[in-house]
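One structure below.
We did not get these values from a lab; they are worked out from the coordinates using the rules stated. Note that the structure is a prediction, hence the values are computed from the model and not measured. Quick reminder, even Gly has a Cβ in these numbers, built from the backbone with ideal geometry, and neighbours come from all protein chains shown.
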Amino acid sequence: MRIGNVPMEDMCDILLVEDNEYNVEFILEALQKNRLAHRVRVFRDGREALDYLLAAGKYSDRFSSRQPRLILLDLRLPRVDGLEILRMVRVNETTKMIPVVVFSSSTDDKDRTESYRLGANSFIVKPVAYERFVETVIEIGSYWAVQNAPP
């Protein structure tokens, strides 16, 4: 199925880059229950997420001009970490304007500072309590995927 010239599988509202299975489940559930994103694409590996965004590797035939409205990015990922993804997203012409929210368990000031230096739009520490975690995801989705006017 296609929407205009774009294949349906190339479209997503939120690109979620998260390797923790429980966090993925909680995030998807919160977004779907609250109708905050119709299409969420999940990557558990930093290299694969980067290939998707840059239309490289197995995604080289992807229609790269249709990018997500938001990248929700963990920092600690297999193969390519979140800071490197952020760095590559910001230097690429087709991805540099995508809002990136770093959603990490890191409380390290260096991670926060480096995320902002590389162009993160927001840095949010994942709450430990389930209820607060879900509330935070709803707030992120509500603002960045619904209220925020994309470039």
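Things worth noting here:
- Point-to-point label distance, Arg66-Ser122, nm (Cα→Cβ direction, 7 Å offset): 2.6 nm
- If R0 is taken as 25 Å, the Cβ-Cβ distance between Glu29 and Thr113 corresponds to a FRET efficiency of 0.20.
- The chain, helix-only ellipticity at 222 nm - DSSP H runs n ≥ 4, -39,500 (n - 2.57), divided by all residues, nearest 500: -10000 deg cm²/dmol
- As a proxy for reagent exposure, Met97, Met88 were ordered by neighbouring Cβ count within 10 angstrom, fewest first; the result is Met97, Met88.
- Spatial separation of Cα centroids for segment 118-151 and segment 51-72, in angstrom: 21 Å
- DSSP beta bridge pairing in segment 2-147, given as percent antiparallel to the nearest 5: 10 percent
- In segment 67-136 the Cα-Cα distances spread across 10 Å bins starting at 0 as 21, 52, 24, 3 percent of all pairs.
- Under 27 Å of direct C-alpha separation, and excluding same-chain neighbours fewer than eight residues apart, Lys96 reaches these lysines: Lys58, Lys110, Lys126.
- For the chain, the spread of Cα coordinates along the three principal axes comes to 42, 33, 28 Å, biggest extent given first.
- With R₀ set to 25 Å, the beta-carbon distance separating Tyr130 from Val42 gives a calculated FRET efficiency near 0.80.
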